[in-house]
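Q: Input: one structure, supplied below.
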Amino acid sequence: MQAKPRPAATPAQALSAMDHLIATILIGQQEMAQQIGLNVTDLTCFAYVIEAGENLLTAGDLAARAHVTTGAVTGILNRLERAGYVTRRPDPTDRRRVRVAALPDAEARVREVYEPYYARLNELFADYSPDEIAVLTDWFTRASALAAGYLEEHCRTD
């Protein structure tokens with residue numbers, strides 16, 4: 001695919017567009033969490049568990065990713081387990097730890113809510129050339145690392 005002409009934009013316009021996207025995503029995340037009976041933090045943690053796949057996370061891993069204390073993650077895991085989203089498995093190398101696995105039917109329920117949205121995003125990506133997709137991927141990856149670094153520097157509470 002050939003790149004389509006794009007209107008010129010300044011960094012300020014790009015930041016404004018990003019702010020609008022983030023605000024819309026935050027509201028959407030709340031709505032989607034409500035649809036499946038979770039709060040946003042629990043849904044976010046469940047997403048991390050899904051993302052980990054077969055490399056099951058420990059409670060400590062999950063706490064670090066979600067920027068919550070290990071005590072808070074215990075409550076999150078209790079809620080997710082009671083609601084039928086996760087199960088805890090003993091860590092095969094350290095019996096003091098547990099690993100967290102997504103339950104397949106819960107994963108399917110969440111995917112059912114998100115797949116129509118992701119399908120629309122993929123339609124939007126179809127408007128971009130492979131080189132443009134590479135730039136977008138690079139920007140998202142680097143901006144995510146920047147945001148994570150900023151959180152570590154300025155927002156840690158432990």
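The values are calculated or read from the model by the stated rules, or taken from the named source; none is laboratory data. This one's a predicted model, so the numbers in the text were calculated from it and none came from an experiment. Cβ sites come from the backbone with ideal geometry, for glycine too, and all protein chains shown count toward neighbours.
Q: Which one of 59, 83 is surrounded by 15 or more Cβ atoms within 10 Å (Cβ to Cβ), more than 27 Å from residue 152 (Cβ to Cβ) and of a type in the set (Gly, Ala, Ser)? It would help to see each step written out before you state the result.
A: Values: 59 fails: more than 27 Å from residue 152 (Cβ to Cβ).
Answer to the selection: 83.
Q: Would you mind telling me which numbered condition in (1) within 28 Å of residue 116 (Cβ to Cβ); (2) in contact with an Asp or Glu (Cβ under 8 Å, 6 or more places away or on another chain) residue 58 fails?
A: All conditions pass for residue 58, except number (1).
Q: So which of 150, 48 is aromatic (Phe, Trp, Tyr) and free of Cβ contacts under 8 Å to residues at least 12 places away in the same chain? Quick ask: steps written out before the conclusion?
A: On the way: 48 fails: free of Cβ contacts under 8 Å to residues at least 12 places away in the same chain.
None of the others qualify; the one that does is 150.
Q: Turning to a different aspect of this structure: Counting just the residues of region 96-117 that are of a type in the set (A, V, I, L, M, F, W, C) and not in a loop (DSSP other than H, G, I, E, B), which one comes out surrounded by the most Cβ atoms within 10 Å (Cβ to Cβ)? First the steps, then the outcome.
A: Initial filter on region 96-117 (of a type in the set (A, V, I, L, M, F, W, C)): 98, 100-103, 106, 108, 110, 113.
Pick out the ones that are also not in a loop (DSSP other than H, G, I, E, B) and you get 98, 100-102, 106, 108, 110, 113.
Working: 98: 17, 100: 25, 101: 18, 102: 22, 106: 20, 108: 10, 110: 20, 113: 14.
Out of the qualifying residues, it is 100.
Q: Now for a separate question. Determine whether residue 6 is at pLDDT below 95, of a type outside the set (Val, Ile, Thr) and buried (at least 16 other Cβ atoms within 10 Å of the Cβ). I'd like the intermediate steps shown before the answer.
A: Working: at pLDDT below 95: yes; of a type outside the set (Val, Ile, Thr): yes; buried (at least 16 other Cβ atoms within 10 Å of the Cβ): no.
In short, no.
Q: Starting from region 99-122, take each residue that is under 20 Å from residue 89 (Cβ atoms) and free of Cβ contacts under 8 Å to residues at least 40 places away in the same chain and list its partners that are surrounded by 11 or more Cβ atoms within 10 Å (Cβ to Cβ) and among the hydrophobic types (A, V, I, L, M, F, W, C), counting only C-beta distances under 7 angstrom and pairs at least six apart or across chains.
A: Matching pairs, first to second residue: 103/86.
Q: May I ask you to list the residues in region 74-106 that are touching a strand residue (DSSP E or B) at 6+ places or on another chain (Cβ under 9 Å) and among the β-branched types (Val, Ile, Thr)? I'd like the intermediate steps shown before the answer.
A: Here is the first cut: in region 74-106, the ones touching a strand residue (DSSP E or B) at 6+ places or on another chain (Cβ under 9 Å) are 77, 80-81, 85-92, 94, 97-103, 106.
Result: 86, 87, 98, 100.
Q: Next question. Filter region 120-158 down to residues that are more than 19 Å from residue 5 (Cα to Cα) and not in a helix (DSSP H, G or I) and give me whichever is modelled with the lowest pLDDT.
A: Taking the candidates together, the pick is 158.
Q: Only one of 93, 87 is polar (S, T, N, Q) and assigned to a loop (DSSP other than H, G, I, E, B); which? Step through it out loud before you land on a result.
A: On the way: 87 fails: assigned to a loop (DSSP other than H, G, I, E, B).
93 is the lone residue from the list that is polar (S, T, N, Q) and assigned to a loop (DSSP other than H, G, I, E, B).
Q: For region 132-151, name all the residues that are of a type in the set (D, E, K, R) and either in contact with a His (Cβ under 9 Å, 6 or more places away or on another chain) or surrounded by 11 or more Cβ atoms within 10 Å (Cβ to Cβ) (or both). Before you say what the answer is, go through the steps one by one.
A: Within region 132-151, the first condition is being of a type in the set (D, E, K, R), and the residues that meet it are 132, 138, 142.
Of everything in region 132-151, just one residue is of a type in the set (D, E, K, R) and either in contact with a His (Cβ under 9 Å, 6 or more places away or on another chain) or surrounded by 11 or more Cβ atoms within 10 Å (Cβ to Cβ) (or both), namely 132.
Q: Please go through region 120-131 and give me each residue that is surrounded by 10 or more Cβ atoms within 10 Å (Cβ to Cβ) and among the small types (Gly, Ala, Ser), ordered by number.
A: If the condition is that a residue be surrounded by 10 or more Cβ atoms within 10 Å (Cβ to Cβ) and among the small types (Gly, Ala, Ser), then 129 is the only one that fits.
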